[in-house]
Amino acid sequence: DYILEILIVDDNSTDGTSDLVKSLAKKDSRIRLIRRVGRSGLSSAIKEGLLNATSDIAVVMDADGQHQPVDALFAVKELIQSKFDLVVGSRFLDQARIRGLSQRRTIGSNSANTLARISLSKPYNHLTDYMSGCLALNLNTCLPFVLKINVNGFKFYYELLSLSKGSLNVKEVPL
C-alpha cells in the first residue's frame, strides 16, 4: 500500500495556482505546494518535486491538461506490477489517443524522437516517446540519476535516459 501525496510545483505564477493549491491543502493534508520564487523551468521544477517526494514511487505529470490522471494511475499500477524502474506514457503507441497536438508540434516531436533514439543507449531503442511529460518512477533506482540532471537541460526524461546509459528498465504505456 502506498500513501498518496500530491506535490504541485509552482514557479510563482500569477494565475491563482498557489491560492488554489493552498485552499485544497487545507482540506486534504496529502496535497502540498512547493512555491518557487526566483527559480523557474520545467526540468528544475520536476527535479525539485521528485527530491521532495516522500514515497518510493513518484509520478511526473504536466498540469496543462495534456495528460489525464487516469494515465498516471495506469503507469503507477504498471510500475508496481511489472517491477520496472520507469513507466512512461507514450503518445505514439498504437493504443494512444493523442489530443491537442498541431501538425507542426507532431512534426517537431517526431524529429526530436528520431534524434533521441539515435543519441541514446541501445537498450532504449524500443521506446517511442522520448519527450513524454508523464512518467512513473521507482525513486530507489531513478533518484541517483535525477540528482545528476542538469536543470537547464533539454528535456527531463531524455536527460534521465541519457545519464542512466541504458541501465534503467523502462516500459511505455499508451496515453
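Some notes on this structure:
- For the chain, the Cβ-based charge dipole about the Cα centre amounts to some 260 debye (Lys, Arg positive; Asp, Glu negative; other atoms uncharged).
- Using a probe of 1.4 angstrom and keeping all protein chains present, the accessible surface of the chain works out to 57 square angstrom per residue.
- The longest stretch of the chain left intact once loop-based chymotrypsin sites (Phe, Trp or Tyr not before Pro) with at most 15 other Cβ atoms within 10 Å are removed from consideration, loops following DSSP, is 3-153.
- When the alpha carbon coordinates of segment 118-175 are projected onto the principal axes, the ranges are 26, 24, 20 Å, largest first.
- Cα gyration tensor, segment 69-158 - rounded (a/c under 1.5), prolate or oblate: oblate
- Only Lys, Arg (+1) and Asp, Glu (-1) charged, at Cβ; segment 39-119 dipole about Cα centre in debye: 300 debye
- Full extension of the segment from Ile107 to Arg39, taken as 0.36 nm per residue of separation minus the current Cα-Cα distance, would add 21.4 nm.
- Placing a label point 7 Å from the Cα of Ile3 along the Cα-to-Cβ direction, the residues of segment 47-72 whose backbone N falls under 17 Å of that point are 52-59.
- Just the protein heavy atoms count here, and of the accessible area of segment 38-122 at 1.4 Å, carbon and sulfur take up 54 percent.
- Dipole axis of segment 1-118 (+1 Lys, Arg; -1 Asp, Glu on Cβ), positive-most option in Ala75, Ala116, Ser90: Ala116
- Pairwise centroid distance, computed over Cα atoms, of segment 11-80 with segment 98-175, Å: 19 Å
- Label of the coordinate-derived value, Rg and Dmax of the Cα atoms in Å, listed as (i) 16.0, 47; (ii) 18.3, 52; (iii) 18.1, 64: (i)
- By the Cα gyration tensor, segment 1-94 has an equivalent ellipsoid whose semi-axes, rounded to whole angstrom, run 24, 16, 13 from largest to smallest.
- If you count Lys pairs in the chain whose Cα atoms are under 16 Å apart, skipping same-chain pairs closer than 8 places in sequence, the total is 8.
- Annotation note: trypsin sites (Lys or Arg not before Pro) in segment 135-175 located in DSSP loop regions with a Cβ neighbour count of at most 14 within 10 Å are Lys148, Lys165.
The values are calculated or read from the model by the stated rules, or taken from the named source; none is laboratory data. In this text, all values refer to a predicted model and were calculated from it rather than measured experimentally. All Cβ positions, glycine included, derive from the backbone under ideal geometry; neighbour counts span all protein chains shown. All accessible areas refer to the heavy atoms of the entire protein, side chains included, with ligands and DNA or RNA removed. Shrake-Rupley method; radii C 1.70, N 1.55, O 1.52, S 1.80 Å.
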